[in-house]
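The values are calculated or read from the model by the stated rules, or taken from the named source; none is laboratory data. Fair warning: this is a prediction, and the values are worked out from it, not measured in the lab. Backbone-built Cβ (ideal geometry, glycine too); neighbour counts: all protein chains shown. The accessibility values were calculated without ligands, DNA or RNA, using every heavy atom of the protein model including side chains. Shrake-Rupley method; radii C 1.70, N 1.55, O 1.52, S 1.80 Å.
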Amino acid sequence: DAGVIQSPRHEVTEMGQEVTLRCKPISGHNSLFWYRQTMMRGLELLIYFNNNVPIDDSGMPEDRFSAKMPNASFSTLKIQPSEPRDSAVYFCASGTGFDNQPQHFGDGTRLSIL
Amino acid sequence: DQQVKQNSPSLSVQEGRISILNCDYTNSMFDYFLWYKKYPAEGPTFLISISSIKDKNEDGRFTVFLNKSAKHLSLHIVPSQPGDSAVYFCAASAIGTSGSRLTFGEGTQLTVNP
């Protein structure tokens, strides 16, 4: 029973480079969420999708961040250009889209921008 | 504005004793509450939840209590086991926020000593 799959697990890159994080949600789930975890801000929601449509991107820190969900089984979070302050663990989660149902998380991507 | 707060960053208990983790919230629109457990280098794992129409939900060694008037919930683990050592996150959502959009607390590191 596959859970949420994220890749890569770790990414180290230099400032200014483009970074692409990938997520495969649980099959049959209609909602997908991107979170970022940092020491300063904890777990914060960046953006979420319902039925592949972005619903709320108010958590996206700035225009350097973008997210897409071209189909029900794949989503990307892109940072271009990357900066050292983007270093964090990025989690993807999926859910049924119904109220009172838990989200299920992937194991995250640990991103380090040098 | 931290709408979900876990005031204790850490808690240490002896194996076999009860662990009590606390969480407070400010948004009266929240009506569904969850606890997640997180081990290092893994994503948060759903543990237990409670709807605002209830004041208690039990699942094995885990019980969540909700006090709506005080805007407070707690997670009881009894008996505590060393494998319960992890970071515990409290989360909340509100009906009308398109399914299960969650707001997380800062987390509490639980250490269960053998």
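Entry remark, the stretch A:8-19: residues being exposed (fewer than 13 other Cβ atoms within 10 Å of the Cβ) and assigned to a strand (DSSP E or B) number 2 in total. For the stretch A:58-87, the candidate set comprises residues that are without any contact (Cβ under 8 Å) to a residue 12 or more places away in the chain and among the acidic types (D, E); within that set, the residue that is least open to solvent (accessible area, probe 1.4 Å) is A:E62. Being within 19 Å of B:V112 (Cα to Cα) and part of a strand (DSSP E or B) is true for just one of B:L66, B:L75. Which residue is that? Exactly one of B:L66, B:L75 is within 19 Å of B:V112 (Cα to Cα) and part of a strand (DSSP E or B), namely B:L75. If the condition is being surrounded by 13 or more Cβ atoms within 10 Å (Cβ to Cβ) and more than 10 Å from chain B (Cβ to nearest Cβ), then the stretch A:30-45 contributes A:L32, A:W34, A:R36, A:T38.
Could you tell me whether A:Y48 is modelled with pLDDT of 95 or more, open to solvent by less than 20 Å² (accessible area, probe 1.4 Å) and within 14 Å of chain B (Cβ to nearest Cβ)? For A:Y48, the condition - modelled with pLDDT of 95 or more, open to solvent by less than 20 Å² (accessible area, probe 1.4 Å) and within 14 Å of chain B (Cβ to nearest Cβ) - is not met. Could you check, for the stretch B:6-16, whether at least one of its residues is facing chain A (nearest Cβ under 10 Å) and closer than 26 Å to A:W34 by Cα? Yes, there is a match, as at least one residue in the stretch B:6-16 is facing chain A (nearest Cβ under 10 Å) and closer than 26 Å to A:W34 by Cα. Candidates in the stretch A:102-114 are the residues that are open to solvent by 50 Å² or more (accessible area, probe 1.4 Å) and within 14 Å of another protein chain (Cβ to nearest Cβ); of these, the one that is farthest from B:T103 (Cα to Cα) is A:R110. Looking at the stretch B:1-54, the strands (runs of 3 or more DSSP E) lying wholly inside it that each contain 3 or more residues that are charged (D, E, K, R) and touching a strand residue (DSSP E or B) at 6+ places or on another chain (Cβ under 7 Å) sit at B:30-38. Once the stretch B:46-66 is narrowed to residues that are surrounded by fewer than 15 Cβ atoms within 10 Å (Cβ to Cβ) and within 12 Å of chain A (Cβ to nearest Cβ), the residue that is nearest to the chain's Cα centre (by Cα) is B:S51. None of B:S12, B:S8, B:S28 is open to solvent by less than 70 Å² (accessible area, probe 1.4 Å), touching a residue at least 12 places away in the same chain (Cβ under 8 Å) and either in contact with a helix residue (DSSP H, G or I) (Cβ under 7 Å, 6 or more places away or on another chain) or of a type in the set (S, T, Y) (or both) except B:S8. All of A:G59, A:G28, A:G3 fail the test of being on the phi > 0 side of the Ramachandran plot and among the small types (G, A, S), apart from A:G28. Looking for something more than 10 Å from the chain's Cα centre (by Cα) and at pLDDT below 95 - is there at least one such residue anywhere in the stretch B:79-93? Yes: the stretch B:79-93 contains one or more residues that are more than 10 Å from the chain's Cα centre (by Cα) and at pLDDT below 95.
Total residues in the stretch A:88-101 satisfying the condition of being surrounded by fewer than 15 Cβ atoms within 10 Å (Cβ to Cβ) and closer than 17 Å to A:R36 by Cβ: the figure is 0. Going through (1) surrounded by 19 or more Cβ atoms within 10 Å (Cβ to Cβ); (2) within 12 Å of chain A (Cβ to nearest Cβ); (3) not charged (D, E, K, R) one by one, B:L73 falls short only on (2).
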